[in-house]
Structure formats: C-alpha cells, structure tokens
Amino acid sequence: MGHCQNEWPRTNQPEKEAVETNQDKSVKAAKGSSTKTEDRGESEATEKQSQSVEEQEEIEETLEAAETLEETAEEETKLGDLPEEDIVEEEPEEITREAEAEDILEEEIEEEETRQIERKEEIDEEIVEERIYTIPLRRAWISSRQKRTPRAVRLVKAFVQRHMKPETLVMSNEVNERLWRRSIQKPPRKIRVRAARDKEGTVTLYLAEGD
C-alpha cells in the first residue's frame, strides 16, 4: 500500500520541461508586444515630424508669394507715379528707327509721284499732234523663233515712220516691255499705240489707254 501512495502524486505533478516551455511562451509574447509598441511609437513620431516639415514648407511658400505680390504692386505704383513723358522715352530705339524709315519711304514715293505728274503735264503742253494706231505684228511670226521680237520692234517703227514721217522717233519703255513681255520667241500678234508729236517734230510712242 505504501508503494501505491507514493506513485500517485508523481503522475499529477507537471514535468520541468513543460513548465519551462510555458514560461518561454509568456516571455516571448511580452517581448513581441513591447517591440510592436516601440515600432508604433517610432512610426507616429516620424509621421509627426513629416507633417511639421510640410507645414513649415507651406508657410514659407505663402510668405514668398506674398513678397512677390508686394514687389509687383510696388513696381506698378512706381510706374503709375512716373509722368507720361518718361514712359515714352523708355520705348526701344528699333521702333523709332522703323518709323523713321517708313516716313522716308513715304516721302520718296510722294516725290516720285509728283515728278511723274509734272512730266506728264510738260509733255501734254508740248504735244502738237496725237494719234492712236493698232499695229499688226503677224509678220514677225514668219521669221525664226530667235528673231521674232526684234522683228516686231522693227515693224512698229516702220509703221510709225510710214504714217507720221517724224524727224526722230522715240519708243517708251512701256511699249518695249509689252513687246518683250513673253520673251524673244512670243511677241504679241498686235499692239495698240499712242503716237504723240511735239513742237520739234519728234514722235514718242506710248501704250494706248486700256492696254
């Protein structure tokens, strides 16, 4: 009987290894919770620091914008206080040069127009006789291609010599340009000319109006 009483309590007692394992689990759980709390605290601190930095940057940006606005307002007030004469003097020199060049060109054009009008008036005063002819130039096309326009010029002069018998014959540039307008190979088939005789007997050829 005594032997049986001694074995019973041994079976109910926990083993040493089991006790040690339970303790280890509790220690590990405590360590894990402490590390988690530390990580959370660090993350919260970093977030607060970042928020404070962002707030400082926003404040600096607003201050810079306000300074720039104040500077622009001061410049505008200074320009408004200046008289109009000073503002006009600040215009670039290139604009003034261009305006001067345009004025010079306009003056030259007006002078040329006045000269042409004076010449026409002088010619009209000296004209004694004036005739309008339509000169055919079909015969110029009979010759070779490289001789057609020169022959057309000779035909015009011969026609006027035969009909008006001038002492000297002058062909204006506009008539010559009309004959040579389509190169040496293609002169016009006919041309309408105004022949004017002056007091000295010289006949000048002009293009008739409408040609």
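The values are calculated or read from the model by the stated rules, or taken from the named source; none is laboratory data. All values reported here derive from a predicted model rather than from experimental measurement. Methodologically, a virtual Cβ is constructed for each residue, glycine included, from the backbone with ideal geometry; neighbour enumeration extends over all protein chains shown.
Against the conditions (1) surrounded by 13 or more Cβ atoms within 10 Å (Cβ to Cβ); (2) not in a loop (DSSP other than H, G, I, E, B), Pro166 satisfies every one except (2). What tally of residues in segment 160-203 results from selecting those that are touching a residue at least 40 places away in the same chain (Cβ under 8 Å) and in contact with an Asp or Glu (Cβ under 9 Å, 6 or more places away or on another chain)? So the count comes out to 10.
Checking each residue in segment 191-211 for being in contact with a helix residue (DSSP H, G or I) (Cβ under 8 Å, 6 or more places away or on another chain) and closer than 17 Å to Arg138 by Cα picks out Ile191, Val193.
If you go through segment 169-187 and pick out every residue that is part of a helix (DSSP H, G or I) and exposed (fewer than 15 other Cβ atoms within 10 Å of the Cβ), you end up with 4. Residue selection: Ile135 fails the criterion of being modelled with pLDDT under 90 and surrounded by 12 or more Cβ atoms within 10 Å (Cβ to Cβ).
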